[in-house]
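S.K.: Encoded as structure tokens, here's the structure I'll be asking about.
The values are calculated or read from the model by the stated rules, or taken from the named source; none is laboratory data. Everything numeric in this text was worked out from a predicted model, so none of it was measured. All Cβ positions, even for glycine, are placed from backbone atoms using ideal geometry, and neighbour counts span all protein chains on display.
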Amino acid sequence: MQVDNFKIFADLVETKSFSKAARLNGITQSAVSQQARAMEKHFNNLLIDRSQKQFQLTREGNRVYQAAKEILHVYEKLMSELMEMKKVTSGTIRISTIYSIGLHELPPFIKSFLTDFPSVNVRVEYRRSNLVYEDILHNSVDFGLVAFPTKMRQMEIIPFREDRLVTICHPNHPLARMTNADVSMLKEYKFISFDPDIPTRKAVDQIFRDNKIDTVPVMEFDNIETVKRAVEIDAGIAIVPQATIAQEIKQGTLASVTLNGKGFTRPLAILHRKGRVLTPAMKKFVKTLTGKEVEDA
């Protein structure tokens, strides 16, 4: 019985999917099934309850899963310690991030990190917020980057930075002549927003409720780039993270208006699975983003 067998079995249990476990380990779905049966043969016990429609472990399977997690944790910790003893910073870091952070906040940090640690590969996937959390919980990636992080028992949250929410409009829009504005003024204009399940949309909706503004978006989109394009054709105004509009402001295709008052900050955070052993490369990456050392789990 090898470490890989325990990892495949743990991935299968956590994703509850033979196909997802196969993708995580770069093997076929059939190979995952064969690995599960091989473990049952090795331990001489049924580990998966195949009488159920949904994936479910037997009592023995749950015990093997708990032991597999302990074995994997010890193995990963050993590998990390050996790399630190050799002062080796290499490997691959897998990141799942929402579009706005991945496109507008992350690039300069990755450039700086790869300049300092050229032996490390960084792979970035752009995802909706809910899928970033799913990626972390399923161990599909090493880190997730989100806005307005949600606390979860299985997840560590590391504060990254804070962005400011601002109003954007077409350069010929009446608001474009203003530098600052009260949020109450926005009710006079057509509003473009993110989809209702996106955290920044939820934060904007709360801002409107707090200020007793009743508005129905004329358009809703699932990413920042489409929101900006709609505002550029003067289809309405929008509230977006300030860091995402630097290029458009410079080119003069959008105008930005700062909103008066509090509550217009957008906290960004780094997520990773609680108890996960961070390699030297992962620790250096977090330090590059936050400027702080990461403590061992």
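S.K.: For region 34-76, how many residues meet the condition of being without any contact (Cβ under 8 Å) to a residue 12 or more places away in the chain and surrounded by 16 or more Cβ atoms within 10 Å (Cβ to Cβ)?
M.R.: Matching residues across region 34-76 total 1.
S.K.: Scan region 185-208 residue by residue and report those that are crowded, with 19+ Cβ neighbours inside 10 Å and either in the same structural domain as ARG128 (by TED's automatic domain parsing) or outside any helix (DSSP H, G or I) (or both).
M.R.: Correct list: PHE191, ILE192, SER193, PHE194, ILE198.
S.K.: Separate question: Kindly check whether there is at least one residue in region 237-251 that is surrounded by fewer than 14 Cβ atoms within 10 Å (Cβ to Cβ) and under 28 Å from VAL132 (Cβ atoms). Let's see the steps before the verdict.
M.R.: First, the residues of region 237-251 that are surrounded by fewer than 14 Cβ atoms within 10 Å (Cβ to Cβ): 246-247, 250-251.
Pick out the ones that are also under 28 Å from VAL132 (Cβ atoms) and you get 246-247.
Yes.
S.K.: Counting just the residues of region 108-140 that are of a type outside the set (A, V, I, L, M), part of a helix (DSSP H, G or I) and closer than 23 Å to GLU156 by Cα, which one comes out farthest from the chain's Cα centre (by Cα)? Explain how you work it out, then say what you get.
M.R.: Here is the first cut: in region 108-140, the ones of a type outside the set (A, V, I, L, M) are 108-109, 111-113, 115-119, 121, 123, 125-130, 133-135, 138-140.
In the following step, the residues that additionally are part of a helix (DSSP H, G or I) were identified as 108-109, 111-113, 115-116, 129-130, 133-135.
Next, from what is left, pick out any that are closer than 23 Å to GLU156 by Cα: 109, 113, 129-130, 133-135.
Details: PHE109: 16, PHE113: 19, SER129: 6, ASN130: 8, TYR133: 6, GLU134: 9, ASP135: 8 Å.
Among them, the one singled out is PHE113.
Table: residues versus (1) assigned by TED's automatic domain parsing to the domain that holds GLY275; (2) under 24 Å from THR279 (Cα atoms); (3) over 30 Å from the mean Cα position of the chain (by Cα); (4) modelled with pLDDT of 85 or more.
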position	(1), (2), (3), (4)
ALA10	no, yes, no, yes
VAL13	no, yes, no, yes
THR28	no, no, no, yes
LYS41	no, no, yes, yes
ARG59	no, no, yes, yes
VAL64	no, no, no, yes
HIS73	no, yes, no, no
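S.K.: Go through region 245-297 and give me each residue that's closer than 23 Å to PHE148 by Cβ, within 20 Å of the chain's Cα centre (by Cα), not hydrophobic (A, V, I, L, M, F, W, C) and not in a loop (DSSP other than H, G, I, E, B).
M.R.: Correct list: THR265, ARG266, PRO267, HIS272, ARG273, THR288, THR290.
S.K.: Looking at region 149-164, which of the residues that are surrounded by fewer than 17 Cβ atoms within 10 Å (Cβ to Cβ) and touching a residue at least 60 places away in the same chain (Cβ under 8 Å) is farthest from PHE109 (Cα to Cα)? Show your work before the answer.
M.R.: Narrowing region 149-164 to residues surrounded by fewer than 17 Cβ atoms within 10 Å (Cβ to Cβ): 150-154, 158-159, 161-162, 164.
Still in the running and touching a residue at least 60 places away in the same chain (Cβ under 8 Å): 153-154, 158-159, 161-162, 164.
Numbers: ARG153: 28, GLN154: 26, ILE158: 16, PRO159: 15, ARG161: 12, GLU162: 15, ARG164: 19 Å.
Top of the filtered list is ARG153.
S.K.: In region 92-107, which residues are part of a strand (DSSP E or B) and surrounded by 19 or more Cβ atoms within 10 Å (Cβ to Cβ)? Break it down stepwise before answering.
M.R.: Within region 92-107, the first condition is being part of a strand (DSSP E or B), and the residues that meet it are 92-97.
Selection gives ILE93, ILE95, SER96, THR97.
S.K.: So which helices (runs of 4 or more DSSP H) stay within region 1-52 end to end and still have 3 or more residues that are of a type in the set (Asp, Glu)? Give the derivation first.
M.R.: On the way: elements: 3-15, 18-25, 29-43.
It comes to 3-15.
S.K.: For residues that are out of contact with any Pro (no Cβ under 8 Å at 6 or more places or on another chain), surrounded by 12 or more Cβ atoms within 10 Å (Cβ to Cβ) and not in a helix (DSSP H, G or I), tally how many sit in region 77-91.
M.R.: Total satisfying the criteria: 2.
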